[in-house]
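J.: Could you have a look at this structure, given as structure tokens, before my questions?
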Amino acid sequence: MSGAKVKMREKKMRNQPVSVQYPSSSVTVQSSPVNGGDTSATGKRKTPHHRGGWVRGHQKDGGGYASEMPKYITAGAFARARAAEVSAMLKAVTKTTGSCHVFGALPKHMRRRAMSHNTKRLPRRLRDVANRMREKSLQAGSKKKKEQAKSKSRKARRRHGNLLLEFNRRQRKNVWLETHIWHAKRFHMVKKWGYCLGVRPTYKCYRPCYRAMSTHCLLQDLSYYCCIELQGEEDKLLASLSQLTNKETGPTFSAALCLSGRRQGSVVVYRAAHYPSQSLGPVTFLWRPRAQGSTHRQLWIWAHPTIKQDLLSELQTVCQCCEAVVPPVVPVVMPPAEMPPAEVALTPQPEPKSGETPEAIQIPRTKRKRSRKDASGPPAKKILGDGTRCPSTPITWKSSSTGIVINDLTMEIVRYRLIGPQSHSVLAETLEAATDIDEINKSQPSSLWWPDHCKDKNKITLHQQQADVFNTLKGIYSSAELPSGTVLGLTVDDPRLTLPTKKGKALPCVQQAQEVDEEKRRELMLRGVPEHCCQSFLWEQSVRDNVTDNKISEQELNRMRSEVLVPGSRLRPTPLQGRVPILLVHQPGKQVGHEMSSWGAGWDLMLPKGWGMAFWVPLVYRGVRIGGLNMSLKHSQNKGAPHFPHDYPDCPAGVRFQDEQEAELMDKFKRRPPAKRTNYIKHGCLAPFRCPWQQLAEEWELITKEGREEREGDSQTQNTTDADTVMEEEMASHLDISVTKPASRFSVLRNQKSLRLLSGWCRPTTSKGQRPCRIRNVTALDSSAVTSFLTAHGMSLVWVRLSLMSKGKPELHAMVCVPLAEDLKLLSKESNGHSPQEPPHKNHFRRRKKGSKKAAASSLSSDKTEGSGSNIPPATESDLTPSAEGPKSTSQPSTAVTFGLWPDPLPSITSHCSRVTLGWVTQGDFSLSAGCGEALGFVSVTGLLNTLLNQPKEHRGTLLLRNPTSLHYRFAKINIEV
Amino acid sequence: MTEPRNPGVSSIAQTAPAHTDSSSSAVEMDPVEYTLRKRLPRKLPKRRNDVYVNMKTDFRAQLARCQKLLEGGGHREICVHGLGLAINRAINIALQLQASSQGALQLAANTSTVELVDDLEPEDPDEAGEPMTRTRNNSAIHIKVFYPDPQ
């Protein structure tokens, strides 16, 4: 008997009653005289085999039960021993398992659909039982929910104060934007970057949104972008900031026009003195226009929330700002110690009426937490908060040596983006320059900021000039006509006062303007806004706070409206609180490339916090579309610009994003049943869910090194067309080296000059490759130029746009490959629809997986030789992946192998398929603006140059694109746009 | 520029006039190198029977569009606008329309000048080189294609 059987038997016998001993040795001995001396049988019983007691079933050796029946039993002990068994049995009988339904008793032909819901479909004799069971199951189902049952009625829950508390609780982890509730009713929301953001509307609007971007206006809430304010002497600020940027990548913080405050600039920030590696990400910045005779400057840097922490620490080091300034106690009503620890920092805004009254009534009834809150003040409506920092961290840092002050203004300023040629007319219709106040109010002292400002003549004239500029905006037909990045400061009336009764579409009113206006318009188009008009009071903390605190509540406004004599007419005079300083910043559209230039231009609207909804609804009433996160992705895709953090693989945020994306795609893949999954191994796709950029760069580096040595050795007998195959072989033989080599990180090429050079070498054409574009003074593409280029930019990737020349829609992580010479012939023959194909790959892992299973089974049967035999990789006829075998066999613990995916250490990526891989696509879609499939992605600079060098001139820049789920290659034209 | 339906020529002819300019501007622009970036020509609202001709769309497609407007669209007259390089094509379209109508259509051509704006951005992003804006003029043609009034 094997060990396992003994164990099972012991387990079975453990609970057997002691009183009955079936064929144990003692019993047999006892019974033997009674049975009449069947000694031979009893003798056999005594063999060690049956020593353990009773045995199931008939025994072959004729030992009947009768002979082993006990003579007597002790009743009490016998019953007690059975009691446990019986009770277990009873319990099992009464307990219904999941699938035990009453209608199981019915024959199949009598069962009806939905019997379990509608018991009347059952025969009457079963109805009672079914009803009872249904109730029982309902109870069981609702038990969990019952525990956290809502203790209060809906009416109580919806009371204003309680609702606010609930809202505050819900945004402890992920902060809401001011437009959250508006969005939550209409959008699919996700929790991302510490915020709750709308991804896409629940209604279908992909094309309408595109149309809005290209002909009218699309609105987005970008308040989740973080603003960091820097204050200090101009030269010191510039000196410290210059460490973060490099002039090679384009204009920096010190570009003259940006520095004057007339334009918004954008830069890619690197870790201090680490250019060109270790980039942090793109930021936009805005200088406050100079005040007269002062070198003290103020700078806002707008960054994506994912890079904020990195950027902040980097800024602190370059500015030597490490002294945290404890936030002043004044704005905080609640002492921080009394705040719940998870609560995000908030500056409570006392709600004038609605918040306080219900609170006061409810104090006796509230729970511990609530009462504690009440003790410290009325519940604060959380009009701001910040998902990227915790409450105890300081938001201001100061430097004693340089005098620079860094301020974290996250969630202090609301930022809306309007995209589209009509965005300025939407703005012009929604906003109205602030009206002056009458003499009586002017004379009275006031706590509000606007009456104060009205007393100052200079400020009034400035305001009038700004209003003039704003009014000329109306005479412009398209937002793209203005100089890109123009800034306009303004003070406007509360837009709620001019809310139209009906939703309509804002259209430009271009009329034959008077000569003066025409002159002004020309001035605006050519020079932009004059410097002094870029000033806005939004820059001043005190004004911002004043405006936020004195906002008229919706309720109050409605009351005032109801008192107007003619219903629906405008409120006059404008209430004193209704003046808001704003900042309008022009956003350039598509700036690179030759086509669709300035597509997607628009305006950004910056407001003081708290005023978000007051501006949002009036904007929506002007007929704009609202877009979510996915629309900003499409916007940048149509612009041909990399989108953050998707397309910044060299930034920490980009790397994090890629990991998240991989996990997400993997999850989605694994949710499908295995038989329905795409077999990426057969498609020859090594990494369908991520892009191993580092490995790509390293492999190409190696290929060129080998190629150079070879060329020297063979004295350049190498035919160019063979180069690809040679590369493959080289790759195959040198993969192991590349794995072991300690390599430097790859970087993304952002040097403008080099990009321009590269762009010229790619033979730029119009989008579908019909017409060549003219290139200026380009050095000829030859091997010496390439070598010198590569020494400067080895290990780097370059951002490219690929437009498909025929049909096809590129997808995420599609491969960019080098066409063979035969493929190019196919192209010139005009054979329509004939594109090269990848031969299907073999899945070696499948057999191996089966083998390992078998091995596992056979090892149980202690057949060791067979098991170890099947662990050996199957005969390697892998003509496609000769190099893969080495790392593969080592990576074969095969525990985490997912069917259809390559296990982790990937073989050579470049030479895995029949066409050499250059890079991958990070955004691909059918482009509605170009009318063909367009892909944006990165390719290896080394690989690209090698390819271009080997291609004949007329086909230069023609590459192949293959989706991960397809074997078809499609021809595409590469364009590098600077 | 003072004409009411001035070429709001979408993205016509941008490539065309620019080429002559970029070569000439290269001469005057040094010592600091500049990148030339052309803004779109000024757009104006267009009516349904305005046709702006460009060099990107296929010629036959544009011709077919005009024919459709005249025959199916029920317009008695259409205006064909062309700017710069597209002037040739606009004329061509108008003449083709007339020829295919067997003399039923008449043409009336007007020319005008359109002011275009160029941005010059310094390639070397130094504090010294300031971006410039300049205007240049380009010719445009507006051809009215119409059925003469039956009298």
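J.: Determine, yes or no, whether A:Glu554 is free of Cβ contacts under 8 Å to residues at least 60 places away in the same chain, under 39 Å from the mean Cα position of the chain (by Cα) and over 30 Å from A:Leu758 (Cβ atoms).
T.: yes
Matching residues to (1) over 20 Å from A:Thr435 (Cα atoms); (2) surrounded by fewer than 23 Cβ atoms within 10 Å (Cβ to Cβ); (3) of a type outside the set (Asp, Glu):
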{"position": "A:Leu565", "(1), (2), (3)": "yes, yes, yes"}
{"position": "A:Thr574", "(1), (2), (3)": "no, yes, yes"}
{"position": "A:Gly589", "(1), (2), (3)": "yes, no, yes"}
{"position": "A:Val592", "(1), (2), (3)": "yes, yes, yes"}
{"position": "A:Glu595", "(1), (2), (3)": "yes, yes, no"}
{"position": "A:Trp603", "(1), (2), (3)": "yes, no, yes"}
{"position": "A:Tyr621", "(1), (2), (3)": "yes, yes, yes"}
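J.: Spot the failing condition for A:Gly593; the list is (1) part of a helix (DSSP H, G or I); (2) within 30 Å of A:Gly760 (Cα to Cα), and only one is missed.
T.: (1) is the only condition that A:Gly593 fails.
J.: Turning to a different aspect of this structure: Determine whether A:Arg496 is of a type in the set (Lys, Arg), modelled with pLDDT under 85 and surrounded by 14 or more Cβ atoms within 10 Å (Cβ to Cβ).
T.: no
J.: Please indicate, with yes or no, whether at least one residue in segment A:243-255 is in contact (Cβ under 8 Å) with a residue 24 or more places away in the chain, on the phi > 0 side of the Ramachandran plot and of a type outside the set (Phe, Trp, Tyr).
T.: Scanning segment A:243-255, I find at least one residue that is in contact (Cβ under 8 Å) with a residue 24 or more places away in the chain, on the phi > 0 side of the Ramachandran plot and of a type outside the set (Phe, Trp, Tyr), so the answer is yes.
J.: Whether any residue in segment A:664-687 is of a type in the set (Asp, Glu) and in contact with an Asp or Glu (Cβ under 9 Å, 6 or more places away or on another chain) is what I want to check.
T.: no
J.: Has segment B:139-147 got any residue that is more than 12 Å from every other protein chain (Cβ to nearest Cβ), assigned to a loop (DSSP other than H, G, I, E, B) and either farther than 30 Å from A:Ala930 by Cβ or out of contact with any Gly (no Cβ under 7 Å at 6 or more places or on another chain) (or both)?
T.: Yes - at least one qualifying residue is present in segment B:139-147.
J.: Taking the condition within 14 Å of chain A (Cβ to nearest Cβ), over 14 Å from the mean Cα position of the chain (by Cα) and assigned to a strand (DSSP E or B), does B:Glu121 pass?
T.: It is true that B:Glu121 is within 14 Å of chain A (Cβ to nearest Cβ), over 14 Å from the mean Cα position of the chain (by Cα) and assigned to a strand (DSSP E or B).
J.: Can you name the condition, by its number, that B:Val51 falls short on among (1) more than 10 Å from chain A (Cβ to nearest Cβ); (2) over 24 Å from B:Gln67 (Cβ atoms); (3) modelled with pLDDT of 50 or more?
T.: (2)
J.: Hey, another quick one. Tell me, yes or no, whether segment A:508-530 has at least one residue that is touching a Ser or Thr at 6+ places or on another chain (Cβ under 6 Å), free of Cβ contacts under 8 Å to residues at least 60 places away in the same chain, outside any loop (DSSP other than H, G, I, E, B) and more than 14 Å from chain B (Cβ to nearest Cβ).
T.: Yes, the conditions are met somewhere in segment A:508-530.
One line per residue, one yes/no per condition, for (1) more than 23 Å from A:Trp302 (Cβ to Cβ); (2) in contact with a Pro (Cβ under 7 Å, 6 or more places away or on another chain); (3) of a type in the set (Phe, Trp, Tyr):
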| position | (1), (2), (3) |
| --- | --- |
| A:Asn162 | yes, no, no |
| A:Phe167 | yes, no, yes |
| A:Gln171 | no, no, no |
| A:Val175 | no, no, no |
| A:Lys185 | yes, no, no |
| A:Trp193 | no, yes, yes |
| A:Pro201 | yes, no, no |
| A:Ala212 | yes, no, no |
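J.: Could you say whether any residue in segment B:34-43 is within 11 Å of chain A (Cβ to nearest Cβ), within 30 Å of A:Leu259 (Cα to Cα), of a type in the set (Ser, Thr, Tyr) and loosely packed, with under 13 Cβ neighbours inside 10 Å?
T.: No, segment B:34-43 has no match at all.
J.: OK, next. Go through segment B:45-60 and give me each residue that's aromatic (Phe, Trp, Tyr) and in a helix (DSSP H, G or I).
T.: B:Phe59
J.: Might you let me know whether segment A:916-928 holds any residue that is part of a strand (DSSP E or B), assigned by TED's automatic domain parsing to the domain that holds A:Arg763 and more than 30 Å from the chain's Cα centre (by Cα)?
T.: no
J.: If you take the residues in segment A:165-179 that are part of a helix (DSSP H, G or I) and either in contact with a Cys (Cβ under 6 Å, 6 or more places away or on another chain) or of a type in the set (A, V, I, L, M, F, W, C) (or both), which one is nearest to A:Ala614 (Cα to Cα)?
T.: Among those residues, the one meeting the criterion is A:Phe167.
J.: Looking at A:Ser214, is it under 26 Å from the mean Cα position of the chain (by Cα), within 14 Å of chain B (Cβ to nearest Cβ) and surrounded by fewer than 21 Cβ atoms within 10 Å (Cβ to Cβ)?
T.: Criteria met by A:Ser214.
J.: Now a separate question. Take the residues of segment A:445-480 that are without any contact (Cβ under 8 Å) to a residue 24 or more places away in the chain and in contact with a helix residue (DSSP H, G or I) (Cβ under 6 Å, 6 or more places away or on another chain): which is farthest from A:Arg527 (Cα to Cα)?
T.: Looking at residues that are without any contact (Cβ under 8 Å) to a residue 24 or more places away in the chain and in contact with a helix residue (DSSP H, G or I) (Cβ under 6 Å, 6 or more places away or on another chain), I get A:Cys454.
J.: Further question: Looking only at segment B:61-118, which residues are farther than 22 Å from B:Leu44 by Cβ, in a loop (DSSP other than H, G, I, E, B) and hydrophobic (A, V, I, L, M, F, W, C)?
T.: B:Ala104, B:Leu105
J.: Among A:Leu557, A:Leu538, which is the only one that is surrounded by 17 or more Cβ atoms within 10 Å (Cβ to Cβ) and closer than 30 Å to A:Gln298 by Cβ?
T.: A:Leu538
Listed here are the residues, each with its yes/no results for (1) at pLDDT below 85; (2) within 14 Å of chain B (Cβ to nearest Cβ); (3) exposed (fewer than 15 other Cβ atoms within 10 Å of the Cβ); (4) closer than 30 Å to A:Val529 by Cα.
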| position | (1), (2), (3), (4) |
| --- | --- |
| A:Cys258 | yes, yes, no, yes |
| A:Ile301 | no, no, no, yes |
| A:Glu314 | no, no, no, no |
| A:Ala337 | yes, no, yes, no |
| A:Ala342 | yes, no, yes, no |
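J.: For residues that are surrounded by 17 or more Cβ atoms within 10 Å (Cβ to Cβ) and more than 27 Å from A:Asn638 (Cα to Cα), tally how many sit in segment A:181-207.
T.: 2
J.: Right, next: If the requirement is being closer than 30 Å to A:Ser796 by Cα and more than 14 Å from chain B (Cβ to nearest Cβ), which of these qualifies: A:Thr306, A:Thr252, A:Thr295?
T.: Checking each option against the conditions leaves just A:Thr306.
J.: Within segment A:127-139, is there a residue that is surrounded by 11 or more Cβ atoms within 10 Å (Cβ to Cβ), in a loop (DSSP other than H, G, I, E, B) and at pLDDT 80 or above?
T.: Checked against the condition, which is being surrounded by 11 or more Cβ atoms within 10 Å (Cβ to Cβ), in a loop (DSSP other than H, G, I, E, B) and at pLDDT 80 or above, segment A:127-139 yields no hits at all.
J.: Counting just the residues of segment A:463-500 that are among the hydroxyl-bearing types (Ser, Thr, Tyr) and under 20 Å from A:Lys551 (Cα atoms), which one comes out farthest from the other protein chains (Cβ to nearest Cβ)?
T.: Among those residues, the one meeting the criterion is A:Thr491.
J.: Follow-up question, since we're still on this one. Among A:Trp616, A:Trp603, which is out of contact with any Gly (no Cβ under 8 Å at 6 or more places or on another chain), under 24 Å from A:Leu230 (Cα atoms) and among the aromatic types (Phe, Trp, Tyr)?
T.: A:Trp603
J.: OK, next. State whether the residues of segment A:654-677 include one that is in a loop (DSSP other than H, G, I, E, B), in contact (Cβ under 8 Å) with a residue 24 or more places away in the chain, basic (Lys, Arg) and surrounded by fewer than 21 Cβ atoms within 10 Å (Cβ to Cβ).
T.: Checking segment A:654-677: at least one residue is in a loop (DSSP other than H, G, I, E, B), in contact (Cβ under 8 Å) with a residue 24 or more places away in the chain, basic (Lys, Arg) and surrounded by fewer than 21 Cβ atoms within 10 Å (Cβ to Cβ).
J.: Applying the selection to segment A:585-626, what residues are more than 14 Å from every other protein chain (Cβ to nearest Cβ) and not hydrophobic (A, V, I, L, M, F, W, C)?
T.: Residues satisfying the conditions are A:Gln587, A:Gly602, A:Asp604, A:Pro608, A:Lys609, A:Gly610, A:Gly612, A:Pro618, A:Tyr621, A:Arg622, A:Gly623, A:Arg625.
The values are calculated or read from the model by the stated rules, or taken from the named source; none is laboratory data. Since we're looking at a predicted model, the values are computed, not measured. Every residue, glycine among them, receives a Cβ derived from its backbone with ideal geometry; neighbour counts consider all protein chains shown.
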